[in-house]
1. Where is the GNM fluctuation largest for the chain (alpha-carbon springs, 10 angstrom cutoff): 148, 42, 126?
2. Which of 135, 12, 155 moves the most in a Gaussian network model of the chain with Cα springs under 10 Å?
3. Structure shown: which of 42/101; 126/148; 42/113 lie over 27 Å apart, alpha-carbon to alpha-carbon?
4. Within the range 48-111, report the trypsin sites (Lys or Arg not before Pro) that DSSP leaves as loop and that have at most 15 other Cβ atoms within 10 Å.
5. Count charges around residue 45 for me, please; just the other residues with Cβ under 11 Å from its Cβ, Lys/Arg as +1, Asp/Glu as -1.
6. What FRET efficiency would be calculated for the residue pair residue 43, residue 116, taking the C-beta separation as r and a Förster radius of 22 Å, to the nearest 0.05?
7. Would you work out the relative contact order for the chain, in percent, from Cα pairs under 8 angstrom that are 6 or more residues apart?
8. Can you tell me how much longer the chain between residue 163 and residue 88 gets when fully stretched, taken as 0.36 nm per residue apart minus their C-alpha distance, in nm with one decimal?
Amino acid sequence: EFIVMAPPDPIVAVLGGEVQLPCRVSPAMSAEDMELRWFRSKFSEAVFIYQDRLEQKEEQMAPYAGRTSLVRDLLNQGEAAVRIQNVNVSDNGLYTCFFRKGGFYEEASLELKVAEPFFPQASPWKVAFLVSLTVLVILLLGAGCYTKREHSMKVREMGEKETLYQTREQDRQTKEEVLKDA
C-alpha cells in the first residue's frame with residue numbers, strides 16, 4: 001500500500017513554454033512497474049499513460065499528442081512527472097495523477113496555472129485602440145505645430161508691417177521737416 005502525493009500549490013507555466021507535473025508515492029518505492037496516468041476531470045481524459053514500462057498513446061487525448069513525455073529520472077524511487085511542451089491556455093486547470101500497482105491504486109490532484117509571457121499577445125481591439133490613439137496624438141501635434149507656425153508668421157508679418165509703417169511715418173515726418181525748412 002502507498003499514498004500518492006502532488007504539490008499542494010499550483011504549478012505555474014508560461015504560455016508556449018514547458019512544464020512538469022510531478023507526483024510521488026509514499027513510502028518511496030519503485031514505480032517502474034506501476035501504471036501511471038495523468039488525466040483531466042475524467043479518468044478517460046488521459047493526458048499521459050505509462051503502463052507495462054511503456055508510454056501508451058491509444059487513450060491519450062488529441063490535444064496532448066506529441067507534447068507530453070515522462071520524466072523517468074527518479075521513477076525507481078517512486079517519483080514521476082509528466083512534461084508538457086508548448087503549453088497553451090487550454091492546459092490551464094486541474095490534473096489528477098493516478099498510480100496503480102496490481103489491484104491497489106491511489107491518486108492525487110494538482111493544479112496548473114498558465115501565465116502569459118512577459119510580453120503577452122495583445123488582443124486585436126487593444127492594438128486597434130493603441131494605433132487609433134497614436135494617430136490621434138500625431139494629428140493633434142501636427143495641427144498644433146501648424147497653428148503655431150501660422151500664428152508666428154502672422155505675428156512676424158504684423159511686426160514687419162509695423163516696422164514699415166514706422167519707417168514710412170519717419171520718412172513722412174522727415175519730408176515735412178525738410179519742406180518746412182525750405
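1. Per the Cα network of the chain with a 10 Å cutoff, 148 tops the list.
2. Fluctuation is largest for 155.
3. On the way: 42/101 20 Å; 126/148 33 Å; 42/113 19 Å.
In this structure, 126/148 exceed 27 Å between Cα atoms.
4. Working: sites: 53, 57, 67, 72, 83, 100, 101; in loops: 53, 57, 67, 72.
Of the trypsin sites (Lys or Arg not before Pro), the ones in loops of the range 48-111 whose Cβ has at most 15 other Cβ atoms within 10 Å are 53, 57, 72.
5. Numbers: positive: 37, 40, 42; negative: 59.
Residues near residue 45 contribute +2 overall.
6. Values: r = 31 Å, r/R0 = 1.40.
Efficiency at R0 = 22 Å is approximately 0.10.
7. Details: 280 pairs, mean separation 43.3, N = 182.
Taking the mean separation of contacting Cα pairs over the length of the chain, I get 24 percent.
8. Numbers: separation 75, 0.36 × 75 = 27.00 nm, distance 7.40 nm.
Length gained, residue 163 through residue 88: 19.6 nm.
All of the numbers you see were taken from the coordinates with simple rules; none came from a lab. Please read all numbers here as calculations on a predicted model, not as lab measurements. Glycine also receives a Cβ, built like all others from the backbone with ideal geometry; neighbour counts cover every protein chain displayed.
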